[in-house]
Structures are given as C-alpha cells and as structure tokens.
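The next block holds one structure in the form of structure tokens; read it before the comments.
The values are calculated or read from the model by the stated rules, or taken from the named source; none is laboratory data. Note that the structure is predicted; figures quoted are calculated from it, not measured. Backbone-built Cβ (ideal geometry, glycine too); neighbour counts: all protein chains shown.
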Amino acid sequence: MPDFTTGVVVIGGGSTGAGALRDLAMRGIDAMLIEKGDLASGTTGRSHGLLHSGGRYCVNDLAAAIECVEEGRILRRIARTAIEDTGGYFLSVTEEDEAWEPRFVEGCAKAGITCERISLDEARRREPALSKQVRTAFWLPEDGHLDPFYLVMGNVESARRRGAQVRTYTEVTGFTREGDRVTGVITRDAVTGEQTSIGCQAVINATGAWSGFVAKLLDVEVKVVPVKGVMVVLSHRLAHAAINRCHKPGDGDIVVPGLSVAILGTTARRVPHPEVLPIEWDEVRLMLEEGAMMLDGVTAARAMRAYAGVRPLYDLGAEAEGREMSRNFAVIDHEERDGVAGFTSIVGGKVTTYRLMAERVTHVVARKLGVTTPCSTADVPLNDRDDELDQLRHRPAQMGAPKPHLGEDYLKPLVCECELVRPEDADPWLEDPAVRGLEDMRRRTRAGMGPCQAAVCSYRLAGRLVTARHQDGAMATRAMADFLETRWRGVRHVFWGSQLRQAQVTTGLHLELFNLDRQLMLENRPPPVGEDHGVGLAEAAQATRPR
Amino acid sequence: MISDDLDLITDTVEEQAPVEACTKCTACNTVCPVARSTEIFRGPKYLGPESERYRDQHEATVTAGLDLCSGCKLCEVTCPSQVSIQEYIRRAQNKGAREKGRTLRDWMLGHTRLLSAFGSMTAPLANFGNRNPVVRLAMEKLVGIHRKRPLPRYQWLTFERWFKRRRQQAATLTLPRKERTVAYFYGCWVNYNERRLGEMVVHILERNGVNVIVPKQQCCGIPAVVNSNIDLARTYGVENVRRLSTLPAGVDIIASSTSCGLMLKHDYSHLLDIPGAEPVGSRTYDICEYLWMLHEAGDLDLTFEPLDTRVLYHAPCHLKSHGMGYPATRLLRLIPGVHLEEVDEGCCGISGTFGVKVEKYDLSMKIGSRLFEAVKAAGSDSVLADCETCRMQVEHGAGARSSHPVEILARAYGYR
C-alpha cells in the first residue's frame, strides 16, 4: 500500500520537471515533483544563462533554432522577471569566422531570427570593451539572459499555488508495478534515509542527463550522452549584451552578462557520468583565451569561480558526438516503445525550450489520463497572482542596479552584501520545506554568488537558520561548512590575483577565527552531492598549515 | 596550474580596477566612525566597492546612506587591498547630487571661500549673527545649520593682506639671504578665520632660514568634495594646480591645514584627476612634516625656550591619510618642558562641514563622545590638533582650549 497517492509524479527538479509540474497543475492534474537534490541544482542551474535567440543553432540545427525563436518570444511574455533583454552580438574575429557569415545570415533568415549587421564603429560605441580583433558585428536583439534559478522557482511556485507538491532531497529508488503498469514510486529522503511509497497514475521522467539511471530502475533503456561544459564566472559584466562568436559553435565562444556577473562559456567534453565533472586548468585557460578574443578585459577581470554543467544530449542513434548532436528533444512513450505503461521520458533539449518540452510530455501524459484541457503555459505568466513571486524575491534589475532598493530606508544590514540580498529577501525561503541547506538559499536569493563567494553571508545565513528556523547551533554550523565547501570547489580553479587573496580572507575568517576546520575534520564526511571531487577547504588548509 | 600559464592573467593587485580587489574583509567597516556610532549606516564597504559593482553611468544613483559618509577617509587608510573606497562614494554622491540637485546648504558649504570672504568683509556683523540665538534658529530652519554648532569667528584682516603688508614693510629691511624657499598654501581657514596661525607658520619657517612666499590661490576644494560637488572642487583644483605649477623648481609647498594638504598631495591627482597635479602633490608637505624634515637634515633651530606645559594631541583622520605618521608629536617632543600625551580615541566627529548640518549634529557629537570623555578625564591645558575643524569640535564638545601644534613651537621660539 502506498503511503499516499497523487496523480502524476514528475521526477527531476530542473527547468523541464518544474515546467511539467506547472503544466500538469494548470491542466488540473494532481502532481508531485520529486528531486534528489535541490531544485535547479543539476543541468539547469549550471547553464550559462543565455536565452538563445537561435543564432547559435541556425546553421547546423535549424529545427532547434526555430524552437528557440518561438520559445524565446513566449518566455518574454510569461517569465518577464527571469529575463533580461540584453540583446546579443555575433562577432567575427578571424577569416574563418568571416567565411561563416553568409551561412549565418542565411540561417537567421530561415529560422526567422532578427539579425542586423552593424558597423564596427557603432558596435564599439555600444560596447566599448569589444576587442581590437573584431572584424564584423551582427546584432541579434532577441538574445538575452535567462536566470535559470528564478525560472525554476517561478514555475514551481506557480504550480504550488495550483495545488502541486514538491519534495526536494528525495531520491527515487524504485517503482511499484502492477503487471506492465507503473503504479507508484519508492523514494528515499537523502538526509533522513526515510523510505516512502507514493502511488500515482503516471510518472514523468524529466531527469535529463540522469534519465538513463531512472529508466534502468524499470529495466528500460534511455540513451542520454552526458556532455560536460565548463564555465568561468567573472565578477562584473564586461559587456551590456551577450557576446557570441560568429562561427561554427565551439569552445569558449559565449560571454553572457548575467545580473551582476559575466559568464564565459563553454566546453563540450563527453563524461562517463553526469556527476563526474572535473574542471581542468586547460579548460579554464581556454575560456579566458577565447573570451579575450572577443572582449578586452577578460583576463584582467576578477574571475570568481569556475563551474561545470552537463548537457543531456539524447542519442538519436546517429554517429554524432558532442556539439554535432542535435539540441532537439524527444518524448519517449515507454508504453509504446517498451511496453511499460504509465512511464514517459522527456530527453534532450535545452533551458530555452524547457516550456515546449514540458508541454509535449504533459500532453502525452494528460491524454493517457483522459484529461483534455489544453496547455495554457504559453499564455499565463509565471507570477500570475498579484506578482506574489516578485514580492518573494527582490532582485537587482538591469546591470544589477539595486533599483528595488531605491527609496528604501537604509536601516537594515544586508544578508549578502555582494549580491545586495536583504533579510526580507531571504526570510520567506527559510519557511519553505524544500530548502534544506544554504546552497538552496543561494539558488533562491543569489546570496553567496558574489566576489567573496559566501565568506560573509554564510555565517549570517547560518545565524538566520538559528533565529528563524530554530535549528541548533551545531546544525547551522554544519550548514555553513557545507555551503563554504561547495563554494570552495568552484573557487579553487581560479586561484590567482583577487580570488586568491579572497581565499586567504575566507580561510582566515572561517578556519582560524571560527575554527571551522576542526568541525569539518572531525566529521570526516563525503563532499556534498553533485560536485566534482578534489581537495576540500579543510584539507587544503591542513596541508598548508605549519605543523 | 603551471606557472608559465599565469602569463595569460593580468588580474593582479597592481593592475586591476581597485573595486575588483575588495575581499570583503570588513576592515573598513570596523574603523568607520559613523558605522560605529549609528545603526542606520551600512558602512564604507557597502557604499564603496559593493555598490560600485552595481553602479552604472546610465542609471540613477542610489543615494540612500551616501550622505552619511563623513569623508574621514579612515576606510581607505585601513583597506589592505588599496581600494579607493572614498573615491567611489564621492563620485556617487556627486552624480546623485547632479541628478537630484543640491540643497542651498550644501551649495553654501561647498563654496566655503565665497562664504568666508563675505563673512570676513562683514566680520563684526557676521560674528554677531553667528552667535545670536535668533539668527541661529533662523539659520537652522531656513538653511539647515544646527543652532548649537559654534561657527568660526571671521577676521576682517585676512592673512593675504597681512602678508602683503608685511612684505612691503620687509622690503625696506635687509633680510638675510635664505637657502630654502617655500610657497605657503594657507587655505581659507588661515586667511579668514585664524590669521595668527599663518603668522606663526611664517615666523617659524623664517626663523629656520626658510624664505616664505605666498602665491595667489583658490580654495583647495575639500568643502566642495564633501558636499557632493566634485565638479566645483575640480574647478578650484585646476586653478590651484595651474598657479602652483608655475612655482620655480626647488620651491616646496607647505600647508598648515591637514585637509588642504591632502587635497594637494593626493586627491587632485586621484579623485579629481587633474592633469599636472602629480608634480604639485609630490612637492607638497604638511607644515609639521616639513619642519621634521628640516630637523632630520640637521637644520631645525633647536634653541627652544623651555616651556612647562602639559598638552594632549589628537590626530585628525585626514592626517592619517597623509601616511606620514604624526610629525607634530615628534617635533614637540624636541621642546624641553612639553609633556605631550596622545589621545587615541579616533575621529572627533565633525569631519569638516559634516557636523555642522542640522541632521548630522547629534551623530557628530556621538562620534566624538569618546574623544570628549578622554579629554575631560585628562584635564590638560590644551588639546593640539592639526586640523581646524577638529579643533572646533574639541573646543565645543570637551570644553577644552584647542590649537594647532605649531602654536607650542612658536611659543618655544619666543613668538608672542
């Protein structure tokens, strides 16, 4: 007997899963989202945040480009707050790039992408940081920045308001079946280890790069190729608009201005497992070198951290590898393909097209449940009720200018000074049971995403865990240590200049003053989930300390 | 990481934009006298490098809290990463004021020289008015100058005219030929309010074989800088740099006001970015700094009259920005019979025109309260401070007599 039942279980708390949850809820279907980590902690949260105009795919992957065009326009309507209309440039830097131009212009025309060639003088006037090597500039006004965290939280909050439920840090360990029909999932709480059996009529597998692992629990094969991408975060936006190289999509050819930072991306290397994402120095170096070809100041800026995400490329059986593979997506009806009823997978795709993916998979599942309500996710904005979501989270507007802070009284100290997070921005999330640790707070408030990488906000947030959540001191300290540990794993790839000095301050503050390493060493716990392995904060401090 | 690979990266402390260098260590907030005294101030770290990351020349400036920065510069002195915290705050203040307009009060306080010239011309009347409770009440209501704040006394005879007169008299005398010549940047305070300090500076320098000349000069610009008017300060600065650049080589510039000296030395070439300011700054010295250099060269006249006096020394915040230590204390310890004690209680709170303003007066007195208590407890003859507004504040808050350190030196040289 299941512990409780719901209509549809959506596995995976990325943009697709959150989108599907919202879509189900809007069609009036009872739904629950199960995520083994936190929302937006996998592929979505580790994307570079480029809202694709489609320009990047228009030559090699026209179908994906057309989807980007359509979905980009829809997202601008429904997820206004998550999007910053930066526009974008496609820049030719070398002769080969110039040879690519006619195909690019043709592709844009075919896909219906607005693309305008502008003079170099005009481009330099708008973007003074353009490098001297730039030969040609195309202006694509529909490129933008999409905040992946805000997008997922927005979808989830919208679904919750319609009755959907969310369980984070809950892993699906098995399924219950009756003959060929899936009748429920068995989950395990990642923290308490508690097993729960959830009965349902259908399951949507929206676990992206992890789809194969989930399908395997039902002895069904889903071939997803995990392809790693490495990104480097700089502490300020070097340009107003997104910067792309006008060439065959390759490594390090995008610079995205996202809120208060710039993100250099990315690489494409096939990895054996979606959670093994080592970041190599040559990849970081490549990001800086390639970025510097398009923008001045890339190598002089303060690199804050490097991170790696994994693309969930769906193997359509072609011989393609990495970038050659289509960014298109597919809905796999396992009843039809494998004879397993009540189980549907959605694979491939990208964040920009998440809504369409959710619509397609929800459509298949809803039809099976006999629900004929049409999809309305393209018409109803995420924050449809009195902008509740906007009230939940004040965020820096364009150029991260602290606009919401205008006219505000300046009495209260901030929680995170780097990202201007106020106590009232953080507090509502402390009441959300989906939030377990401080990394989860980061994804919802941006606290800890600035130059100091949680050196300061970590202890302030830990304090709020005690005062607002009534956790005991030891638990809050552990939460702080975990937060610093995951931050550290990104920071250690950019140890030079400012960030190296920053690390000295951070370690001095937390390890010397707060004696945090003693606690970390005593516990001897494995590193937090979902990060590549390597030397941790405490080990590094121990190694460099005189004995 | 292989060391050869580092050639790619130029993010180093020397070359990078200073806002990038902030490591959030919070050292600046811990020394900030305003942050220490009020809960409503987020401190220099927030107003400086952190907000700077979000400031955009095309967007309206967030001004909340900016006006609470008193401009003492202690944050900059303290910053281990050499971040120009004050410059960011000043530029944002200036931009905010440009967008929103300046109040009459801030405009007036920025135009100190104009105001002082007027006060000096109408000295008896101005001084009467400044001490008249009815006038002060009106000033508080209309302009926003706190009624309890004693305003400086104006003198009808300016230092400029005194010096001109003296030179005409001296022309008839035969003065011994001097090896050294200095140009005295006396500043508005000496010119309009405390001519006697200028007289003492001239006397001490001449006694030590230094020829003093007084070039024509404009306000240094610091009152404009701290009243959100960098544009005006720059106009003044350009004029001063132009005039002072024409001084013959080998002529050093002396300032007896801490803040004027700091403007010449540092802010003209940094905050105000005035072309040609660097060579002017590099030959500018604080009066006590210069005299100590004379001493180190073995040229300071040490034939002091012994004094029997116990004095306290308060180091002004802007003096700390000079990065020269406390030369006044070293000098005064050369004089027999001077018992000097340093009161290390931080900022006095007035910060130039900050503590004059009606909404800042209480805060200013609160910041200075530690200093006042210490001065009262010490029960000394007088409190020495290099900065004129510090002296005003100490006299007002602690009820003690306060003077510039050179006054003790002048007394020891028999100047009456």
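One table, with the values for the structure above:
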| quantity | calculated |
| --- | --- |
| Residue in region A:306-316 that is within 14 Å of chain B (Cβ to nearest Cβ), at pLDDT 90 or above and touching a strand residue (DSSP E or B) at 6+ places or on another chain (Cβ under 8 Å) present | yes |
| Residues located in region A:178-212, provided they are surrounded by fewer than 21 Cβ atoms within 10 Å (Cβ to Cβ) and free of Cβ contacts under 8 Å to residues at least 60 places away in the same chain | A:E178, A:G179, A:I186, A:R188, A:D189, A:T192, A:G193, A:E194, A:Q195 |
| Among the residues listed as A:L356, A:L382, the single one being assigned to a loop (DSSP other than H, G, I, E, B), under 20 Å from the mean Cα position of the chain (by Cα), buried (at least 17 other Cβ atoms within 10 Å of the Cβ) and not hydroxyl-bearing (S, T, Y) | A:L382 |
| Residue count for region B:395-414, restricted to those that are over 30 Å from B:K366 (Cβ atoms) and assigned to a loop (DSSP other than H, G, I, E, B) | 2 |
| Subset of region A:123-164 (residues that are of a type in the set (A, V, I, L, M, F, W, C) and out of contact with any helix residue (DSSP H, G or I) (no Cβ under 8 Å at 6 or more places or on another chain)) | A:A123, A:A129 |
| Test: residue in region B:333-352 that is of a type outside the set (S, T, N, Q) and free of Cβ contacts under 8 Å to residues at least 12 places away in the same chain | yes |
| Yes/no for B:P133 being loosely packed, with under 11 Cβ neighbours inside 10 Å, under 21 Å from B:H396 (Cα atoms) and modelled with pLDDT under 95 | yes |
| Hey, A:A454 within 14 Å of another protein chain (Cβ to nearest Cβ) and touching a strand residue (DSSP E or B) at 6+ places or on another chain (Cβ under 6 Å) or not | no |
| A:R269 being of a type in the set (D, E, K, R) and within 19 Å of the chain's Cα centre (by Cα) | yes |
| Per-region count, region A:224-268, residues among the basic types (K, R) and at pLDDT 90 or above | 2 |
| Members of region A:5-58 found to be over 26 Å from A:A308 (Cα atoms) and in a loop (DSSP other than H, G, I, E, B), listed by number | A:T6, A:G7, A:R27, A:G28, A:I29, A:D30 |
| Residues being out of contact with any strand residue (DSSP E or B) (no Cβ under 8 Å at 6 or more places or on another chain), surrounded by fewer than 23 Cβ atoms within 10 Å (Cβ to Cβ) and closer than 28 Å to B:A315 by Cβ - total across region B:242-271 | 4 |
| Members of region A:217-268 that are crowded, with 24+ Cβ neighbours inside 10 Å and acidic (D, E) | A:D253 |
| Check on A:R327, basic (K, R), outside any helix (DSSP H, G or I) and crowded, with 22+ Cβ neighbours inside 10 Å | yes |
| Pairs, first more than 24 Å from B:K24 (Cα to Cα) in region A:457-485, second modelled with pLDDT of 90 or more and buried (at least 20 other Cβ atoms within 10 Å of the Cβ), C-beta under 6 Å, six or more apart | A:Q471/A:L465 |
| Test set (1) surrounded by fewer than 22 Cβ atoms within 10 Å (Cβ to Cβ); (2) out of contact with any Ser or Thr (no Cβ under 8 Å at 6 or more places or on another chain); (3) within 14 Å of chain A (Cβ to nearest Cβ); (4) at pLDDT 90 or above - B:A27 fails condition number | (2) |
| Count of region A:493-507 residues which are at the interface with chain B (Cβ under 7 Å from one of its Cβ atoms) and under 16 Å from B:C79 (Cα atoms) | 4 |
| Hits in region A:118-139 - residues which are under 16 Å from A:E96 (Cβ atoms) and out of contact with any strand residue (DSSP E or B) (no Cβ under 8 Å at 6 or more places or on another chain) | A:Q133 |
| Residue in region A:53-61 that is touching a Phe, Trp or Tyr at 6+ places or on another chain (Cβ under 8 Å), crowded, with 24+ Cβ neighbours inside 10 Å and not polar (S, T, N, Q) present | yes |
| Within region B:325-371, tally of residues that are surrounded by fewer than 16 Cβ atoms within 10 Å (Cβ to Cβ) and closer than 18 Å to B:S259 by Cβ | 1 |
| B:V311, sole failed condition from (1) in contact with a strand residue (DSSP E or B) (Cβ under 9 Å, 6 or more places away or on another chain); (2) outside any strand (DSSP E or B); (3) not hydroxyl-bearing (S, T, Y) | (2) |
| Pairs, first on the phi > 0 side of the Ramachandran plot in region A:75-94, second in a strand (DSSP E or B) and surrounded by fewer than 19 Cβ atoms within 10 Å (Cβ to Cβ), C-beta under 7 Å, six or more apart | A:G87/A:W139 |
| Selected residue (only one of B:Q93, B:Q86, B:Q82 is touching a Lys or Arg at 6+ places or on another chain (Cβ under 6 Å) and either in a helix (DSSP H, G or I) or more than 10 Å from chain A (Cβ to nearest Cβ) (or both)) | B:Q86 |
| The lone exception for A:L75 - which of (1) out of contact with any Ser or Thr (no Cβ under 6 Å at 6 or more places or on another chain); (2) assigned to a loop (DSSP other than H, G, I, E, B) it fails | (2) |
| In region A:81-125, the residues that are among the polar types (S, T, N, Q), surrounded by fewer than 17 Cβ atoms within 10 Å (Cβ to Cβ) and more than 28 Å from the chain's Cα centre (by Cα) | A:T94, A:S119 |
| Extreme residue, nearest to the chain's Cα centre (by Cα), among residues of region A:416-434 that are crowded, with 20+ Cβ neighbours inside 10 Å, aliphatic (A, V, I, L, M) and away from chain B (no Cβ under 12 Å) | A:A434 |
| Residue list for region A:440-480, filter: at pLDDT 90 or above, among the polar types (S, T, N, Q) and in a loop (DSSP other than H, G, I, E, B) | A:Q453 |
